[in-house]
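Shown next, in structure tokens, is the structure this report addresses.
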Amino acid sequence: MKPLMMKSKSNVTIKDIARKLKLHHTTVSRALRDHPDVKEETRRLILTTAQEMHYHPNSFAANLRNQKSNVIGVIVPELSHDFFSSIVSEVTNEADRHGYSVMICQSNESVDQENKNISALIRNRVAGVLASISQFTVNETPFRGIMDAGIPLVFFDRVCSGLQTSKVVIDFYQGACQVMAHLIDRGFHRIAHITGPADVAGARERLQAYRDVCRQRGLPIDEQLIVPGGFLVQNGVLAMERLLSLAQRPDAVFAVNDEVAIGAMIRLKEEGLQVPQDLAVAGFDNDKISAFITPSLTTVDVPRVEIGQKSVELLLRYLEPAQTAPEAVMVRLATKLVVRASTSRPSA
């Protein structure tokens, strides 16, 4: 998918004004820049016509000529996911507050597409880049290329751990511990976990928290209850089908995210089972839909607004003139458990 550029509504160019006035475009350009070679009468005519035609200067192109840019590039796995779209929305708002436009790229979880995104941003000489890598990204070299080109780079959520630059991450481990403790406190003792992709650090953190809390609370770890999944609704449907085939079914499921949790609930409904009476379900991310499905979904709220704000804040540190280069920092943001009806069974 091609990068999306936030731009002015006007598409009127200098050449359009020149054609209308039957002047050379160089004359129009000089007049708009108050060049002394242009006669005052001609300059006034050009300025009046430009205003009537709703002409706006292309600051992006001008910045490229001057080897400067007021554009921040953003790379995300997918915009269709509520998690990333919410963060990008906040990044756009925060960047605009500081006088920057935003060029948005999505990798669609494809390494090839991600590399094309990187090339496009370098080619367009953006001021800086905010990036969340695809779930299949292993080679950090293309992202290192952004830094080698002299473009500041800040990661958020999914990061390249080997690159020395600032990062904003979520404390997935803490959030998963909160979910597990909640389920156990509610009286559930045979808890399954539908995992995310093994290559994603945040998914691995959630799995580790699941194992650690089971050990700490004295629950046996049954490997049959740990089902490989993904981040999509269909992953939840398939994983729940596998769990329901067990001779001893779980009494609760902790899914890696809300989409997977919803997929699990769909499969339970198809089997005529009720949530939470027959089996409790909890997710992660606090997607907007999680509060409106029936039953409403217990989940973990992730501070998306703060992720967007903090990411832009860290990038601006690299963009602002300073005597010394900013130190690379790792910001880890806390989560919050949101208890809803899907785990409302009283304690046993």
Out of the residues in segment 168-219 that are in contact with a strand residue (DSSP E or B) (Cβ under 6 Å, 6 or more places away or on another chain) and β-branched (Val, Ile, Thr), which is nearest to ASP258 (Cα to Cα)?
ILE194
Only one of ARG217, ARG206 is over 30 Å from LYS167 (Cβ atoms), in the same structural domain as MET180 (by TED's automatic domain parsing), at pLDDT 95 or above and in contact with a helix residue (DSSP H, G or I) (Cβ under 8 Å, 6 or more places away or on another chain); which?
ARG217
When segment 106-147 is checked residue by residue, the ones that are closer than 22 Å to VAL91 by Cα, of a type in the set (D, E, K, R) and either part of a loop (DSSP other than H, G, I, E, B) or outside the structural domain of SER89 (by TED's automatic domain parsing) (or both) are GLU109, ARG125
Which one of these is over 13 Å from the mean Cα position of the chain (by Cα), surrounded by fewer than 24 Cβ atoms within 10 Å (Cβ to Cβ) and not aromatic (Phe, Trp, Tyr): ASP82, ASP148?
ASP148
Condition check for GLY150: within 21 Å of ALA252 (Cβ to Cβ) and assigned to a loop (DSSP other than H, G, I, E, B):
no
Given the criteria modelled with pLDDT of 95 or more, among the polar types (S, T, N, Q) and over 25 Å from the mean Cα position of the chain (by Cα), does GLN323 qualify?
no
Working only within segment 169-210, note down all residues that are surrounded by fewer than 20 Cβ atoms within 10 Å (Cβ to Cβ), of a type in the set (Gly, Ala, Ser) and within 23 Å of the chain's Cα centre (by Cα).
ALA198, ALA201
Scope segment 141-167; condition of a type in the set (A, V, I, L, M) and either closer than 17 Å to ALA201 by Cα or in contact with a strand residue (DSSP E or B) (Cβ under 9 Å, 6 or more places away or on another chain) (or both); matching residues
ILE146, MET147, ILE151, LEU153, VAL154, VAL159, LEU163
Taking the condition surrounded by fewer than 17 Cβ atoms within 10 Å (Cβ to Cβ), touching a residue at least 12 places away in the same chain (Cβ under 8 Å) and not hydroxyl-bearing (Ser, Thr, Tyr), does GLY162 pass?
yes
Please verify whether VAL138 is in contact with a strand residue (DSSP E or B) (Cβ under 8 Å, 6 or more places away or on another chain) and either closer than 16 Å to VAL331 by Cβ or modelled with pLDDT under 95 (or both), treating the condition exactly as stated.
no
Of the residues GLY263, GLY230, GLY236, which single one is assigned to a loop (DSSP other than H, G, I, E, B), within 20 Å of ILE289 (Cβ to Cβ) and within 23 Å of the chain's Cα centre (by Cα)?
GLY230
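The values are calculated or read from the model by the stated rules, or taken from the named source; none is laboratory data. The structure displayed is predicted, hence computed values, not measured ones. Quick reminder, even Gly has a Cβ in these numbers, built from the backbone with ideal geometry, and neighbours come from all protein chains shown.
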